[in-house]
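Single-structure report; data block below.
The values are calculated or read from the model by the stated rules, or taken from the named source; none is laboratory data. Since the model is a prediction, treat every value here as computed from it, not as a measurement. Glycine also receives a Cβ, built like all others from the backbone with ideal geometry; neighbour counts cover every protein chain displayed.
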Amino acid sequence: MAKITAGVATSHVPLIGVGIDQGKCEEPYFQPIFAGYDWTKEWIAKPENRPDVVILVYNDHASAFGQEIIPTFAIGCAEEFTSADEGWGPRPVPKIKNHPDLAWHIAENLILDEFDMTIINEMDVDHGLTVPLSAIFGQPDAWPALIVPIMINVVTYPIASGDRCFRLGQSIKRAVERFPSDLNVQIWGTGGMSHQLQGPRAGLINQKWDQTFLDDLTADPERLRQIPHIEYLREAGSEGIELVMWLVMLGALTNPKELHRHYHVPASNTALGHIVLENGK
């Protein structure tokens, strides 16, 4: 039986990819950003923690989807995916190798569990997916785990509620546990934390709100799943709504235990957050 053993959450700030791709990690501006991932890199390299599969929850930034098609929830089921050209060429990262059998199994189980997933068999993946992989796995010739991509719309309203995203995570957990092969599976939530890219409040960062959110991933998950959209917008900026993707991760865990936390401001114009949670029983 497959099992979700851990949850990992991290911001997917494009600047992280720039720092890695251009060899800037040790420069003074970048060093404190990347230092917070050192613990995770060592942890995930240990054989007992190394995932066979990562279910990676992210949002597309108009690379695969535009105003013509905006799925609320989508899952990639193809054999592999390549890095998208976001206007300055594709990132120099390995192809994303999927676990199609597990992806189709999850898709079927989610649909039968009343989540109407959009099935994606061809797409390019942008920084929302590749930056978290680079931050944690570095620059390998091939990613050391298979990746099942799950996309959440957080760009165009209406957006699914935090509670709906949490329940999606619960359904993913049930699906994984029904898969017959023995697999060490991790689920990663990406995006956030507080930031706003446009308008009069551009540059907004709310450290107190962010830290409380990090605390409540283990202290009060029920509060997090009930946060309304207006609170994300008011307290964490227009792009803070990305944090509902962390709730998909959280819903897939049971009594999680915090193993590591990293928080740094600013990373570009974003509050960077990162946390590793061990799945409980």
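Quick notes on this one:
- Restricting ILE111, ILE70 to residues that are β-branched (Val, Ile, Thr), in a loop (DSSP other than H, G, I, E, B) and over 17 Å from the mean Cα position of the chain (by Cα) narrows the list to ILE70.
- Restricted to region 52-67, and to residues there that are within 15 Å of the chain's Cα centre (by Cα), of a type outside the set (Phe, Trp, Tyr) and closer than 19 Å to ILE136 by Cβ, the residue that is surrounded by the most Cβ atoms within 10 Å (Cβ to Cβ) is VAL57.
- Any hit, region 9-18, residues being surrounded by fewer than 22 Cβ atoms within 10 Å (Cβ to Cβ), assigned to a loop (DSSP other than H, G, I, E, B), within 16 Å of the chain's Cα centre (by Cα) and not aromatic (Phe, Trp, Tyr): no
Results for (1) modelled with pLDDT under 95; (2) surrounded by 24 or more Cβ atoms within 10 Å (Cβ to Cβ); (3) more than 14 Å from ARG167 (Cα to Cα), shown as yes or no for each residue.
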| residue | (1), (2), (3) |
| --- | --- |
| ARG225 | no, no, no |
| GLU231 | no, no, yes |
| ARG234 | no, no, yes |
| GLU242 | no, yes, yes |
| TRP246 | no, yes, no |
| MET249 | no, yes, no |
| ASN255 | no, no, yes |
| HIS260 | no, no, yes |
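- Matching option when the condition is outside any helix (DSSP H, G or I), in contact with a Phe, Trp or Tyr (Cβ under 8 Å, 6 or more places away or on another chain) and under 25 Å from PRO149 (Cα atoms), among LEU272, LEU224, LEU214, LEU277: LEU272
- Any chance THR218 is among the hydroxyl-bearing types (Ser, Thr, Tyr), under 30 Å from GLY23 (Cα atoms), touching a residue at least 12 places away in the same chain (Cβ under 8 Å) and in contact with a Leu (Cβ under 9 Å, 6 or more places away or on another chain): no
- PRO32 being over 20 Å from the mean Cα position of the chain (by Cα) and in contact (Cβ under 8 Å) with a residue 24 or more places away in the chain: yes
- Test: ILE33 is in contact with a strand residue (DSSP E or B) (Cβ under 7 Å, 6 or more places away or on another chain), hydrophobic (A, V, I, L, M, F, W, C) and over 19 Å from GLY192 (Cβ atoms): no
- Residues in region 175-219 that are closer than 27 Å to LEU133 by Cβ and of a type in the set (A, V, I, L, M): ALA175, VAL176, LEU183, VAL185, ILE187, MET193, LEU197, ILE205, LEU214, LEU217.
- None of ASP210, ASP220 is surrounded by fewer than 20 Cβ atoms within 10 Å (Cβ to Cβ) and either within 19 Å of the chain's Cα centre (by Cα) or farther than 20 Å from ALA271 by Cα (or both) except ASP220.
- Test: ALA202 is out of contact with any Phe, Trp or Tyr (no Cβ under 6 Å at 6 or more places or on another chain) and assigned to a loop (DSSP other than H, G, I, E, B): yes
- SER134 being surrounded by fewer than 21 Cβ atoms within 10 Å (Cβ to Cβ) and farther than 14 Å from LEU250 by Cβ: no
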